[in-house]
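Novice: Okay, handing you the structure first.
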Amino acid sequence: MRISATSCLCPFLVCLCFIQRCCGVSHHVLAKVPSSKNQTRLAGGETEVHHRPKRGWIWNQFFVLEEHMGPDAQYVGKLHSNSDKGDGSVRYILSGEGAGTIFVIDEVTGDIHATKSLDRERKTHYVLHAQALDRNTEEALEPKSEFIIKVQDINDNAPKFPDGPFVATVPEMSEVGTSVLQVTATDADDPTYGNSAKIVYSILQGQPYFSVDPKTGIIRTALANMDREAREHYIVVIQAKDMAGQVGGLSGSTTINITLTDVNDNPPKFPQKNYQLYVPESAQVGKPVGKIKANDEDLGVNADIKYSIINSEGVNTFSISTDRDTREGVISLKKPLNYERKKTYTLHIEGVNTHVDPRFSYLGSFKDTATLKITVGDVDEAPVFSMDYYIMDVYENAAGGTEVGAVTAQDPDSRNSPVRYFLDSKEEGERYFRIDESSGVIRTTQPLDREDMPWHNITVMASEVDNPSLLSHVPVTVQILDVNDNPPEIATEEEVIVCESSRPGQVIQTITAVDKDDFANGQRFFFALPSQLPVNPNFTLKDNEDSTASIIARRRRFNHLTQELYELPIVVWDGGEPSLSGTSTLTLRVCPCQRHGRIRMCQGEAFLSSAGLSTGALIAILLCIVILLAIVVLFITLRQNKKEPLIISEEDIRENVVTYDDEGGGEEDTEAFDIIALRNPAAAEELKFRRDIRPEVRQHCGPPRSCRSPSVELDEVDVHEFIKQRLVEADMDTSVPPYDSLQTYAYEGQGSPTGSISPLDSPGTQSEQDYNYLDDWGPEFQKLAELYGEAVSDVTT
């Protein structure tokens, strides 16, 4: 089978196509080599020819131009089999990609046509299968063969910049040829065929500042010393054209926004060389008094400026710092200003860039200077005290009006106005001191006590007479000096313990004294017994000459039963001028003592001390208490969780206990049941029919304690017989409920000669026993005697 194709690929191929068609030979040929013939001679002299095909294929591709816009289907090629004699007995079929839809075949001639316009950028080739069949038998004359139809590219896609538009930066003052950015365009056409995808770059806008490499698309600076301060933003348009830039090629463009970044190429400059500033003399130290600013056309850190005062006159009184936000020089005051001393100051201020680029050092020094003249303004100031604080002193007990000291203040202004003094009324010191308004002399208002308050802090204020609103303050501390006005006293107030076993000459205790007064060289005390009293036979006193004294026993064998307490007056003198004395009386208690080394204690105290427990013992006791509490809580919890009986209904017929919710009438209810019937069977017999009154029982008592209870006088009844009798009565009683009932008899039986001790069956009469003997038992039974005495008097009444 021969497959031929004729395609007009481009105008210069028209002649070649015409030659191919005339010669019947295609450049794209799939040729079938003729087969040999086998002949068989038959009877009758006829021969039968056997065809044995012997094929050899030469394969080439078909081509079809993309984007065909003609009215007719585009011719692709032709299929032809050697078995085709031109009589229409061979039928050609086509299968594969696009068969029947895009590519159709003439079944008789084998011509292949493309019915649709193809786009190489969407699909570059199609794989199809061709076969020749016998039209009559539908048998395959040739085996199915595969071939490819390639879509031939034409220049139908313009270059594109997929990432555009672009943004780029380049430092100002850059050299010519400095790379800025590289742009790349893409072309969807076939780069392997012709120049359809060969791109050339050119610049449409942005000259003469920038240029572009035609092959690589690298944008570079084309002009030297581009200044950001003159122009900061540039718009560059780059074009990409295919067909190597030839006429007829397609093109695309993109925009690049280029910004010049700042470098430090401009020094700071003050707008003017001379400035003036007015500052009042009342300006506070450390506070800003003015601002100055140098301009810098650069940006960011390149415009940072450091200000400084470069002359000694200004640097001693003023300071300058930089405000990072506004880049201003802030001038502050280092020392107070005084108009009367200096009225003007001249400052030489320098502004220097902090980040200098050495590449631009040829432009000069990156700094500038200016002169600032400061004029000090006169302000009416408050009076100024001669000292920052005053310390004064005065003796205690000094009479009111005693001079303590004086303060001095004056008007610092040139007119020197008179000054008035007064004390701060908000302070407590105004009660003890006063000040002269004109002279500033401070005096006491009353005698002062050092022992009550040794120091006083007051505040003195001064104001000008012409302008009272201007005030100044000064602290004054007054120390109260001590005088000897307090007698000494014995330091201890506790009782002194004297052991019964003390011996003569034994030191009972060493005592000291205290004095509220203050002695600069230390306190000195002297001790003695009062001279106007007779000699104490029990104790004496020894002055140890070190401001202490010892109490010494003069006899032996003190007895606390004979005399337990002793009083010992002691006279104490101090060493002040004049010397003062005081008498203190000590109480000495006699106690039996026990010795434990050097420790001596009374017997009572020893008993209490022996009961002292260690920490471990206390912890053990506390632990036991906690365990007992836990057991009690557990027991209560178990009792609360105890299950209730299953039958709790009062209406249950199996219940043997009859519950009555009746309440008695109280003591006035004479019809109530007499409980003696349950306590005494004999009495119950008598009261069986009369329960509204109690039977009278008379007693005849002989000697004391011979009377017996009425219940004993009743006939003794056997308990067993009594219960049997009550059981029969209950069974025969028709008024009781039909079911069993529980009757309780709290009868203990008889036989005790003393009778019952219960008050329920006791006679109503009171006892006639005499309790006057309780008065003779001492004070411990006094209250009991009074109670019984009142009871007897009530009975008598």
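The values are calculated or read from the model by the stated rules, or taken from the named source; none is laboratory data. Worth saying up front: this structure is predicted, and the values here are computed from it rather than measured. Here the Cβ positions follow ideal geometry from the backbone for every residue, glycine too, while neighbour counts run over all protein chains shown. Heavy atoms of the whole protein, side chains included, go into the accessibility calculation; ligands, DNA and RNA do not. Shrake-Rupley method; radii C 1.70, N 1.55, O 1.52, S 1.80 Å.
Novice: When the stretch 298-349 is examined, which residues are found to be closer than 30 Å to Asp262 by Cβ and in a loop (DSSP other than H, G, I, E, B)?
Specialist: Those that are closer than 30 Å to Asp262 by Cβ and in a loop (DSSP other than H, G, I, E, B): Asp298, Leu299, Asp304, Ile310, Arg324, Asp325, Thr326, Arg327.
Novice: Mind telling me which of the residues Pro214, Pro208 ends up being modelled with pLDDT under 95 and closer than 17 Å to Phe161 by Cβ?
Specialist: Pro214
Novice: If you go through the stretch 159-172, how many residues are in contact (Cβ under 8 Å) with a residue 24 or more places away in the chain and open to solvent by 40 Å² or more (accessible area, probe 1.4 Å)?
Specialist: 6
Novice: Within the stretch 286-302, which residues are open to solvent by less than 60 Å² (accessible area, probe 1.4 Å) and closer than 27 Å to Pro171 by Cα? It would help to see each step written out before you state the result.
Specialist: Within the stretch 286-302, the subset open to solvent by less than 60 Å² (accessible area, probe 1.4 Å) is 286, 289-290, 292, 294, 296, 298, 300, 302.
Ala294, Asp296, Asp298, Gly300, Asn302 - these are the residues of the stretch 286-302 that are open to solvent by less than 60 Å² (accessible area, probe 1.4 Å) and closer than 27 Å to Pro171 by Cα.
Novice: Only one residue in Val237, Val180, Val176 is buried (at least 17 other Cβ atoms within 10 Å of the Cβ) and either at pLDDT 90 or above or under 54 Å from the mean Cα position of the chain (by Cα) (or both). Which one?
Specialist: After ruling out the rest, the residue left standing is Val180.
Novice: Continuing with this model, one more query. In the list Leu223, Leu204, which residue meets the criterion of being assigned to a loop (DSSP other than H, G, I, E, B) and surrounded by fewer than 19 Cβ atoms within 10 Å (Cβ to Cβ)?
Specialist: Only one candidate qualifies: Leu223.
Novice: Which number in (1) over 29 Å from Phe360 (Cβ atoms); (2) in contact with a strand residue (DSSP E or B) (Cβ under 7 Å, 6 or more places away or on another chain); (3) open to solvent by 20 Å² or more (accessible area, probe 1.4 Å) marks the one condition that Pro191 misses?
Specialist: Among (1) over 29 Å from Phe360 (Cβ atoms); (2) in contact with a strand residue (DSSP E or B) (Cβ under 7 Å, 6 or more places away or on another chain); (3) open to solvent by 20 Å² or more (accessible area, probe 1.4 Å), the lone unmet condition for Pro191 is (2).
Novice: Exactly one condition in (1) exposed (fewer than 12 other Cβ atoms within 10 Å of the Cβ); (2) within 51 Å of the chain's Cα centre (by Cα) is false for Ser361; which is it?
Specialist: Exception for Ser361: condition (2).
Novice: Considering only residues that are among the aromatic types (Phe, Trp, Tyr) and open to solvent by less than 60 Å² (accessible area, probe 1.4 Å), look in the stretch 544-576 and name the one that is modelled with the lowest pLDDT.
Specialist: That would be Phe558.
Novice: Out of all the residues in the stretch 475-490, which are open to solvent by less than 50 Å² (accessible area, probe 1.4 Å) and not in a strand (DSSP E or B)?
Specialist: The answer is Asp482, Val483, Asn484, Asn486, Pro488.
Novice: May I pose another question? Just to be sure, is Ile497 in a strand (DSSP E or B), farther than 26 Å from Gly575 by Cβ and not small (Gly, Ala, Ser)?
Specialist: For Ile497, the condition - in a strand (DSSP E or B), farther than 26 Å from Gly575 by Cβ and not small (Gly, Ala, Ser) - is met.
Novice: Given the structure, is Asn416 of a type in the set (S, T, N, Q) and without any contact (Cβ under 8 Å) to a residue 12 or more places away in the chain?
Specialist: yes
Novice: Moving to a separate point now. Just give me the residues in the stretch 240-252 being crowded, with 21+ Cβ neighbours inside 10 Å and part of a strand (DSSP E or B), in sequence order.
Specialist: Hits for the stretch 240-252 are Ala240, Lys241.
Novice: May I ask you to list the residues in the stretch 369-388 that are in a strand (DSSP E or B), of a type in the set (Val, Ile, Thr) and open to solvent by 20 Å² or more (accessible area, probe 1.4 Å)? Step through it out loud before you land on a result.
Specialist: Let us first name the residues in the stretch 369-388 that are in a strand (DSSP E or B), namely 369-377, 384-385.
Those left that are additionally of a type in the set (Val, Ile, Thr): 369, 371, 374-376, 384.
Those that are in a strand (DSSP E or B), of a type in the set (Val, Ile, Thr) and open to solvent by 20 Å² or more (accessible area, probe 1.4 Å): Thr369, Thr371, Thr375, Val384.
Novice: Next question, about the same structure. Every residue in the stretch 510-528 that is aliphatic (A, V, I, L, M) and surrounded by 17 or more Cβ atoms within 10 Å (Cβ to Cβ), please.
Specialist: Ile511, Ala513
Novice: Which residues, counting only those in the stretch 437-469, are surrounded by 14 or more Cβ atoms within 10 Å (Cβ to Cβ) and either in a strand (DSSP E or B) or free of Cβ contacts under 8 Å to residues at least 24 places away in the same chain (or both)?
Specialist: Selection gives Val441, Ile442, Arg443, Thr444, His456, Ile458, Thr459, Val460, Met461, Ala462, Ser463, Glu464.
Novice: Could you grab me the full set of residues in the stretch 303-320 that are closer than 26 Å to Ser361 by Cα and either in contact (Cβ under 8 Å) with a residue 60 or more places away in the chain or open to solvent by 30 Å² or more (accessible area, probe 1.4 Å) (or both)?
Specialist: Within the stretch 303-320, Asp304, Lys306, Ser308, Ile310 qualify.
Novice: Here's a follow-up. Only residues that are at pLDDT 85 or above and either within 30 Å of Ile112 (Cα to Cα) or under 60 Å from the mean Cα position of the chain (by Cα) (or both): list them for the stretch 152-168, please. Please lay out each step first, then the result.
Specialist: Step one: filter the stretch 152-168 for residues at pLDDT 85 or above, giving 158-163, 165-168.
Selection gives Lys160, Phe161, Pro162, Asp163, Pro165, Phe166, Val167, Ala168.
Novice: In this structure, does Ser211 turn out to be under 26 Å from Gly300 (Cα atoms) and crowded, with 19+ Cβ neighbours inside 10 Å?
Specialist: no
Novice: Testing Glu139 on (1) open to solvent by 40 Å² or more (accessible area, probe 1.4 Å); (2) in contact (Cβ under 8 Å) with a residue 12 or more places away in the chain; (3) in contact with a strand residue (DSSP E or B) (Cβ under 7 Å, 6 or more places away or on another chain), one condition comes back false. Which one is that?
Specialist: Against the list (1) open to solvent by 40 Å² or more (accessible area, probe 1.4 Å); (2) in contact (Cβ under 8 Å) with a residue 12 or more places away in the chain; (3) in contact with a strand residue (DSSP E or B) (Cβ under 7 Å, 6 or more places away or on another chain), Glu139 comes up short only on (2).
Novice: Shifting gears a bit: Quick one: count up the residues across the stretch 270-279 that are in a strand (DSSP E or B) and surrounded by 14 or more Cβ atoms within 10 Å (Cβ to Cβ).
Specialist: Of the stretch 270-279, the ones in a strand (DSSP E or B) are 274-279.
Those still in the list that are surrounded by 14 or more Cβ atoms within 10 Å (Cβ to Cβ) too: 275, 277, 279.
Selection size over the stretch 270-279: 3.
Novice: Now a separate question. If you take just the strands (runs of 3 or more DSSP E) that sit entirely in the stretch 504-590, which of them hold at least 2 residues that are under 60 Å from the mean Cα position of the chain (by Cα)? Can you show your working first?
Specialist: Details: elements: 507-514, 525-528, 539-543, 548-553, 565-574.
Per the criteria, 507-514.
Novice: Just checking, does the stretch 350-357 include any residue being outside any strand (DSSP E or B), over 30 Å from Asp452 (Cα atoms), open to solvent by less than 40 Å² (accessible area, probe 1.4 Å) and of a type outside the set (Ser, Thr, Tyr)?
Specialist: So far as the stretch 350-357 goes, yes, one or more of its residues are outside any strand (DSSP E or B), over 30 Å from Asp452 (Cα atoms), open to solvent by less than 40 Å² (accessible area, probe 1.4 Å) and of a type outside the set (Ser, Thr, Tyr).
Novice: Across the stretch 389-404, what is the total count of residues that are within 59 Å of the chain's Cα centre (by Cα) and either free of Cβ contacts under 8 Å to residues at least 60 places away in the same chain or surrounded by 16 or more Cβ atoms within 10 Å (Cβ to Cβ) (or both)?
Specialist: 5
Novice: Continuing with the same structure: Would you say Arg415 is under 18 Å from Glu313 (Cα atoms) and open to solvent by 80 Å² or more (accessible area, probe 1.4 Å)?
Specialist: No, not satisfied.
Novice: Restricting the search to the stretch 281-295, which residues are touching an Asp or Glu at 6+ places or on another chain (Cβ under 8 Å) and either modelled with pLDDT of 90 or more or not in a loop (DSSP other than H, G, I, E, B) (or both)?
Specialist: Lys291, Ile292, Lys293, Ala294
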